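For reference, the structure is listed below as structure tokens.
The values are calculated or read from the model by the stated rules, or taken from the named source; none is laboratory data. Every value quoted in this text rests on a predicted model; they were computed, and no experiment measured them. Here the Cβ is made from the backbone with ideal geometry for all residues, glycine too, and neighbour counts use every protein chain on show. Note: areas computed on protein heavy atoms with side chains; ligands, DNA, RNA excluded. Shrake-Rupley method; radii C 1.70, N 1.55, O 1.52, S 1.80 Å.
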Amino acid sequence: FLPLITSDIDDFSFAIGLRGQLSDWDFDLSAVYGQDEFHYGVINSLNTSLGPDSPTEFDAGVLKNDQLTFNLDVSRLVDVDAFASPLNVAFGVEYRRENHEISAGEEASYIRGEFGPAGVARTSDTDSFGASGSSVFGGFSPSSEIDDGRHNISVYLDLDADITDDWNVTVAARFEDYSDFGSTLIGKLATRYEVTETLAVRASASTGFRAPSLGQQFFTSIATVFVDGDPTETGTFRPGSDVALALGSPGLDAENSTSFGVGLSWQPTDEFSLTVDYYNIEIEDRIVLSSNLSGTGIEALLAGTEANRARFFLNAINSRTQGVDVVATYSLDLNDWGQVRFNAGFNYSNNDVTDVIDPPSVLSGIGVDQDNLFSTNEFRRFEVGSPETKFNLGATRLMEELSVTARTVRYGETQDPSTNPDRNEVIPSAWVTDLDIAYAVTENVTWSIGANNIFDVYPQATRDSVVDVSTFSRILPYSGFSPFGFSGRFVYGKITVTF
């Protein structure tokens, strides 16, 4: 019995713009509209509470998002006697309207019928119900339906100039006003200094702001979630819903960040360049998903909501990400045989959870602490669920109309932690190689063939790296934390036409 979630996706966008010059000012005016509909289906499934009359295929509902953006950017150079170069002045304004919609699926995909968990009809009110909705993904019910959105307007100012022949400074500020989160002002300061003709150092500092996505605000669903390999039916409820409010949800607020970086660039010859950068990003009130809350106390809080297990998004943690980027490039001229461009890159990145909020008072009153609201396992996924190191090598051979690009990436070791230590999974490091061959048939037409992961590399199977393998590791043989997926080789051919 292996139910499958299917999808039918309709996606489109339109853009129109105008660029030009008005007096001494360059301007860029644009409007973009995009829409995406995601139709959920479930096949090879059952709604066990409907007994023998249950269908085996279900229309589980639709997610729809759309966005409309108007943007105007204006810039010009202004002579300033005190500076070594003209001052570049840029400013702009943007209006964005976005909407999120959930439509219910067919009734059989979410209804709770009269049959118990063993497929036997209930004979009294004391008999237990079977699981409601289609197995593996319960359809969106009418109570999950929503059609809501927001709009925001923002303005920015950017000033850039060479203060001296060797010293450049950039200052920028952006003001945003959201219909649902109020206003914010963020800024950036960056500078670059040429120590010699071949060596330069640079630094930057900035603040940031991210409003919750509409999906985080409004998504509601009941689906099969695997907890240490065991399937459980769990509801994800929007932070402002009755269920989340019953659990003490304060609703969502925006995330705020501060970041800084320092680095250097070195170009001793026209053929070779090297850059090294350190970065540090701290995010406050980061939005994460709570644990699957369950138990007697939770069920009492959820009485009357038709739920006995739930989770929701909330601003829960502070985090710090820091690391180093190294990039080197080299061009080799082969005269009549064309040119080869080499590049190499290395990234080291470290993620830490620096603080965790206390549980809402209504939850702490029934004994829920940080480990219950956000399991340590979830924090470890954030800290070790992506490679600390990534190394890439690439080369492009250019010869008249023909170009050949080869690149290989080494993904460092990754971990898929579990609340059960015997099911902690370590995904070993691996090299993944891509190849692309392109030929310019004319100035306007190029064809290319290639392959991603040409050597068909897969991550190590869960059953080969975990002591206590669950039944569901046979159904889901590879960890979803694999940084290069688990789909193997992808071969393609394409034609590009420009006009």
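Please enumerate the residues belonging to the stretch 57-96 that are in contact with a His (Cβ under 9 Å, 6 or more places away or on another chain), open to solvent by less than 30 Å² (accessible area, probe 1.4 Å) and on the phi < 0 side of the Ramachandran plot.
ALA60, VAL62, LEU63, ASP66
Scan the stretch 334-349 residue by residue and report those that are exposed (fewer than 14 other Cβ atoms within 10 Å of the Cβ) and either aliphatic (A, V, I, L, M) or without any contact (Cβ under 8 Å) to a residue 12 or more places away in the chain (or both). Outline the logic, then answer.
Here is the first cut: in the stretch 334-349, the residues exposed (fewer than 14 other Cβ atoms within 10 Å of the Cβ) are 334-337.
LEU334, ASN335, ASP336 - these are the residues of the stretch 334-349 that are exposed (fewer than 14 other Cβ atoms within 10 Å of the Cβ) and either aliphatic (A, V, I, L, M) or without any contact (Cβ under 8 Å) to a residue 12 or more places away in the chain (or both).
Check SER418, SER482, SER429 and return the single one that is closer than 28 Å to ASN343 by Cα and touching a residue at least 60 places away in the same chain (Cβ under 8 Å).
On the way: SER418 fails: closer than 28 Å to ASN343 by Cα; SER429 fails: touching a residue at least 60 places away in the same chain (Cβ under 8 Å).
Going through SER418, SER482, SER429 in turn, the sole match is SER482.
Within the group ALA161, ALA172, ALA200, which residue is open to solvent by less than 50 Å² (accessible area, probe 1.4 Å) and under 16 Å from SER257 (Cβ atoms)? Give the steps one after another, and end with the answer.
Working: ALA161 fails: under 16 Å from SER257 (Cβ atoms); ALA200 fails: under 16 Å from SER257 (Cβ atoms).
Only one candidate qualifies: ALA172.
Having 1 or more residues that are free of Cβ contacts under 8 Å to residues at least 12 places away in the same chain is the bar; report the strands (runs of 3 or more DSSP E) wholly within the stretch 1-116 that clear it.
Numbers: elements: 4-22, 25-43, 58-78, 87-104.
So the answer is 4-22, 58-78.
Please find, among ALA395, ALA406, the residue that is surrounded by fewer than 17 Cβ atoms within 10 Å (Cβ to Cβ), touching a Leu at 6+ places or on another chain (Cβ under 6 Å) and modelled with pLDDT of 95 or more.
Numbers: ALA395 fails: touching a Leu at 6+ places or on another chain (Cβ under 6 Å).
Criteria check complete, one pass: ALA406.
Among the residues of the stretch 9-38, what is the count of those that are exposed (fewer than 11 other Cβ atoms within 10 Å of the Cβ) and of a type in the set (D, E, K, R)?
The total comes to 3.
Check GLU383 against each of (1) farther than 18 Å from ILE449 by Cβ; (2) touching a Phe, Trp or Tyr at 6+ places or on another chain (Cβ under 9 Å); (3) acidic (Asp, Glu) and name the one condition it does not meet.
(2)
Of all residues in the stretch 258-308, count the ones that are touching a Phe, Trp or Tyr at 6+ places or on another chain (Cβ under 8 Å) and of a type in the set (Gly, Ala, Ser). Before you say what the answer is, go through the steps one by one.
Within the stretch 258-308, the first condition is being touching a Phe, Trp or Tyr at 6+ places or on another chain (Cβ under 8 Å), and the residues that meet it are 259-263, 271-275, 279-280, 287-291, 307.
Of the ones still in play, those that are also of a type in the set (Gly, Ala, Ser) are 259, 261, 263, 273, 290-291, 307.
Summing the residues that are touching a Phe, Trp or Tyr at 6+ places or on another chain (Cβ under 8 Å) and of a type in the set (Gly, Ala, Ser) in the stretch 258-308 gives 7.
Just to be sure before I move on: is THR220 among the polar types (S, T, N, Q), modelled with pLDDT under 95, on the phi < 0 side of the Ramachandran plot and in contact with a helix residue (DSSP H, G or I) (Cβ under 8 Å, 6 or more places away or on another chain) in the structure I sent?
Working: among the polar types (S, T, N, Q): yes; modelled with pLDDT under 95: yes; on the phi < 0 side of the Ramachandran plot: yes; in contact with a helix residue (DSSP H, G or I) (Cβ under 8 Å, 6 or more places away or on another chain): yes.
Yes: the conditions hold for THR220.
Report, by residue number, each residue of the stretch 432-460 that is within 25 Å of GLN415 (Cα to Cα) and not in a strand (DSSP E or B).
Kept after step one, since they are within 25 Å of GLN415 (Cα to Cα), are these residues of the stretch 432-460: 432-434, 452-460.
ASN453, ILE454, PHE455, ASP456, VAL457, TYR458, PRO459, GLN460, listed by residue number.
Yes or no: ASP369 farther than 30 Å from THR446 by Cα, open to solvent by 40 Å² or more (accessible area, probe 1.4 Å), in contact with a Phe, Trp or Tyr (Cβ under 9 Å, 6 or more places away or on another chain) and without any contact (Cβ under 8 Å) to a residue 40 or more places away in the chain? Write out each step before concluding.
Values: farther than 30 Å from THR446 by Cα: yes; open to solvent by 40 Å² or more (accessible area, probe 1.4 Å): yes; in contact with a Phe, Trp or Tyr (Cβ under 9 Å, 6 or more places away or on another chain): no; without any contact (Cβ under 8 Å) to a residue 40 or more places away in the chain: yes.
Against the criterion (farther than 30 Å from THR446 by Cα, open to solvent by 40 Å² or more (accessible area, probe 1.4 Å), in contact with a Phe, Trp or Tyr (Cβ under 9 Å, 6 or more places away or on another chain) and without any contact (Cβ under 8 Å) to a residue 40 or more places away in the chain), ASP369 does not qualify.
Looking for something hydroxyl-bearing (Ser, Thr, Tyr), in a strand (DSSP E or B), more than 20 Å from VAL356 (Cβ to Cβ) and at pLDDT 90 or above - is there at least one such residue anywhere in the stretch 417-431? It would help to see each step written out before you state the result.
Taking the stretch 417-431 as the starting set, the residues that turn out to be hydroxyl-bearing (Ser, Thr, Tyr) are 418-419, 429.
Subsequent filtering for residues that are in a strand (DSSP E or B) retains none.
No, the conditions are met nowhere in the stretch 417-431.
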